[in-house]
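Below: one structure, written as structure tokens.
Please treat every number below as a calculation from the coordinates, not as lab data. This one's a predicted model, so the numbers in the text were calculated from it and none came from an experiment. Don't worry about glycine lacking a Cβ; one is built from the backbone with ideal geometry, like all the others, and counts go over all protein chains shown.
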Amino acid sequence: MSGWQHFAIASAFFAGLTALFGKLGVAQINSNLATLIRTAVILGMTALIVAWRDEWEPLSKLSLRSVMFLILSAVATGLSWLFYYRALQLGPASQVAPVDKLSLVFVIILAWLFLGESLTWRTAAGGLLVLSGVLVLAKS
């Protein structure tokens, strides 16, 4: 396995924990407040990691284009988390989490359209299988 694959598997595992802990966390708290608490913890944790690894960069070295896209990514992430926590508050985690994984299908399509990534038959078939799985798992 490549280095990126290890990180991707770890990400998937922690995303699974996110659904479980998130469902328990929003049981008695407003979902927007829950998202704020989560975001504050992530901010603090990430700042500690950057400080510990001495990875701070002067603002003058940052590319305006990169910062702009990171801001857009943050807005998209924030909206995703707000909707995800509200969905967890209203529905079962075992159905909300699979629907959230439709993001994979969106990534395949958007990466093909905007990043010029190839859309092979394997990628398309995998995306359709994910879509099929979501439909099966999320059906009430």
| request: Whole number please: convex hull volume per residue, Cα atoms of the chain, in Å³. | output: 149
| field | Computed FRET value (nearest 0.05) for L115 with A27, which takes r as the C-beta separation and R₀ as 30 Å | value | 0.20
| message | Just want the answer: with Cβ charges of +1 for Lys and Arg and -1 for Asp and Glu, which residue in A27, L72, G16 is farthest toward the dipole's positive end in the range 3-100? | response | A27
| query | DSSP H helices in the chain with Cα extent of 18 Å or more along the helix axis and mean Kyte-Doolittle hydropathy at least 0.5? | reply | 3-25, 31-52, 64-90, 121-138
| request: Compute the FRET efficiency between T39 and L137 as 1/(1 + (r/R0)^6), taking r as their Cβ-Cβ distance and R0 = 30 Å, and round to the nearest 0.05. | output: 0.60
| remark: At the level of C-alpha centres, the distance separating the range 1-55 and the range 65-140, in angstrom, is 17
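If the only charges are +1 at each Lys and Arg Cβ and -1 at each Asp and Glu Cβ, what is the size of the charge dipole of the chain around the Cα centre, to the nearest 20 debye? List each step's numbers first, then the result.
Numbers: 9 positive and 5 negative charges, 58 e Å.
Magnitude of the dipole: close to 280 debye.
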| remark: Under a Gaussian network model of the chain whose springs join Cα atoms within less than 10 Å, the largest fluctuation of L33, L82, L113 belongs to L113
